[in-house]
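The values are calculated or read from the model by the stated rules, or taken from the named source; none is laboratory data. Treat the numbers as computed from the prediction; the structure is a model and nothing was measured. Cβ placement follows ideal geometry from the backbone for every residue including glycine, while neighbour counts extend to all protein chains displayed. Ligands, DNA and RNA are excluded from the accessible area calculation, which covers all protein heavy atoms including side chains. Shrake-Rupley method; radii C 1.70, N 1.55, O 1.52, S 1.80 Å.
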Amino acid sequence: MKVLVLGGDGYLGWPTALHLSDCGHEVAVLDNGARRGYDDELGVTSLVPIRRLDERVTAWEEVSGAQLSIYHGDLLDAEYVSATLAEFRPDAVVHFAEQRSAPYSMLDRDHATYTQHNNVVGTLNLLYGIAETDPDIHLVKLGTLGEYGTPNIDIEEGWLTVEHNGRSDRVLFPKRPGSFYHLSKVHDSHNIEFACRAWDLRATDLNQGVVYGHHTAQTGRDERLATRFDYDAVFGTVLNRFIVQAVLGEPLTVYGSGGQTRGVIDIRDTVECVRLAVENPAERGEFRVFNQLTESFSVGELAKLVADIHPCTEITHLDNPRVEADQHHYNVVSTGLAELGLRPHLLADTLITSMFELVERHAGRVNRAALLPATQWRLPGR
Ligand SMILES: O=c1ccn([C@@H]2O[C@H](COP(=O)(O)OP(=O)(O)O[C@H]3O[C@H](CS(=O)(=O)O)[C@@H](O)[C@H](O)[C@H]3O)[C@@H](O)[C@H]2O)c(=O)[nH]1
């Protein structure tokens, strides 16, 4: 198949492009360089050095013999989006090209409006581009489990059958997200579902949990193929951050009591889930949702897992800078990807230990000040 990976220079987009290429698909990556720009803005860099996109692509060709096409451009430029779709003519578009940090979206008004404008308008341009170019193109969109929040009922896979006053309907599962970033994905989901209904498009919304890990089968083949590794309080995800903190001898920063529970997934399963979705497209007119997680842990459990295998590691409880429940029901239905054949990598001590080694190698690159959270969800004085 021909697959266009949007955001193909990022933490997950790049390994996904390689995985799809390795599985024999003809892959192009599109990126506007925004993720590297956030590093400059925040004064941090990836823990693991990463090459320029063109150098990565050259390295992949040397290692695998497969070519990747590169498109430099922005989804906010609607004409560019349509022209790219018309030129490459993909069977599927995998959409990672969004601002993906909740803390970044909560920095201030400018970052909130930037996040929602960038994500929602970019996706809308993409929907128009697909509808105009070829409505048969399958959109595989990265959503987030955080769209649902933590309701006091089981979280179904995107849809819920509701009985009310003697009548019944199948509706989108109610959303109660916890940041302006998460809200941008909710708005996307509604826009995509409407486009499927109105224009007969086909789409899969992958509501993914918190990703951990670094290597995939492809990125591990040459250090020039490494994907980024974020450890800072704005872009780093929780388990990767705890591993960096442990190696540096810093306390693990559990926010609040640590009872907040999240679905998690290994980066190797992320790329495989996308492949499964691409190779098994939704039907025309279908808005299909998969909950993309393999296990659930509380933040306190994740901290304990790391502290138990790294000697002399301290756990500290910070006042939670976010607005989130830290005691709640959490049971997420996740059958769609398993039915397509996903065989998960469950979190193991060996993975955590291998990441200790990786972090030790690059520990000199860490900006320790960036480990502590600086974004408050609440308004000052509240
Ligand atoms: O040092 C830390 C960092 C995080 N947390 C807690 O860990 C949980 C997860 O935080 P995170 O920063 O790892 O993840 P999050 O902000 O939710 O966002 C990440 O995970 C989301 C999936 S989910 O969380 O919505 O399921 C994706 O959509 C985002 O792109 C990705 O950045 C939160 O309860 C947070 O309060 C801590 O206790 N200490």
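Accessible surface computed residue by residue for the chain, with neighbouring protein chains in place and a 1.4 Å probe, gives 42 Å² per residue.
Measuring nothing but how far apart in sequence close Cα pairs (under 8 Å, 6+ apart) lie, relative to its length, the stretch 2-371 scores a relative contact order of 20 percent.
For the peptides 163-169, 223-229, residues were scored by their other Cβ atoms within 10 Å and the scores averaged per peptide; the highest-first order is 223-229, 163-169. Projection of the Cα convex hull of the stretch 7-117, averaged over all directions and equal to a quarter of that hull's surface, yields 7.7 nm². ASP154 contributes about 60 Å² of solvent-accessible surface, heavy atoms of the protein only, 1.4 Å probe.
Once you order the gyration tensor axes a ≥ b ≥ c over the Cα atoms, which shape class does the stretch 343-382 get: rounded for a/c under 1.5, otherwise prolate or oblate by comparing a/b with b/c? Verdict is oblate for the stretch 343-382. Secondary-structure-derived ellipticity at 222 nm for the chain, considering helices only, amounts to -11000 deg cm²/dmol, per-run term -39500 (n - 2.57) for DSSP H runs with n ≥ 4. Per-residue packing, averaged as other Cβ atoms within 10 Å, sorts the ranges 143-152, 54-63 into the order 143-152, 54-63, beginning with the highest. Computed on the Cα trace of the stretch 230-352, the radius of gyration divided by the Kirkwood hydrodynamic radius gives Rg/Rh = 1.03. Amide H contacts of GLY263 (H built 1.01 Å from N, in plane; Pro and chain starts excluded): VAL210 sit under 5 Å, all sequence-distant by 5 or more or on other chains.
Phi-derived couplings, Karplus 6.51 cos²θ - 1.76 cosθ + 1.60 at θ = phi - 60°, listed residue by residue for the stretch 281-288: x, 5, 6, 4, x, 8, 9, 9 Hz, with x used for Gly and Pro. Ignoring aspartates and glutamates fewer than eight residues from LYS2 along the same chain, the ones with Cα atoms less than 14 angstrom from its Cα are ASP22, GLU26, GLU87, ASP91, ASP134, ASP136, GLU279. The amide H of VAL94, built 1.01 Å from its N in the peptide plane, has LEU4, VAL5, LEU6, VAL140 as neighbours under 5 Å, considering only residues 5 or more places off or on other chains.
By the gyration tensor of its Cα atoms, with a ≥ b ≥ c the square roots of the eigenvalues, what is the shape of the stretch 2-371: rounded for a/c under 1.5, prolate for a/b over b/c, or oblate? In terms of gyration-tensor shape, oblate.
Sort MET1, MET106, MET355 from largest to smallest accessible area, using a 1.4 Å probe on the heavy atoms of the protein chains. Could you put the intermediate results ahead of the total?
Details: MET1 85, MET106 35, MET355 5 Å².
From most exposed to least exposed: MET1, MET106, MET355.
Leaving out ligands, DNA and RNA, and with a 1.4 Å probe, what % of the accessible surface on the chain is carbon or sulfur?
Values: 7900 of 16090 Å².
Of the solvent-accessible surface of the chain, carbon and sulfur hold 49 percent.
For the ranges 243-250, 323-330, what's the packing order if you count other beta-carbon atoms within 10 Å of each residue, average per peptide, and put the highest first? Please report the intermediate quantities before stating the final value.
Details: 243-250: 21.9, 323-330: 15.2.
The peptides rank, most packed first, as 243-250, 323-330.
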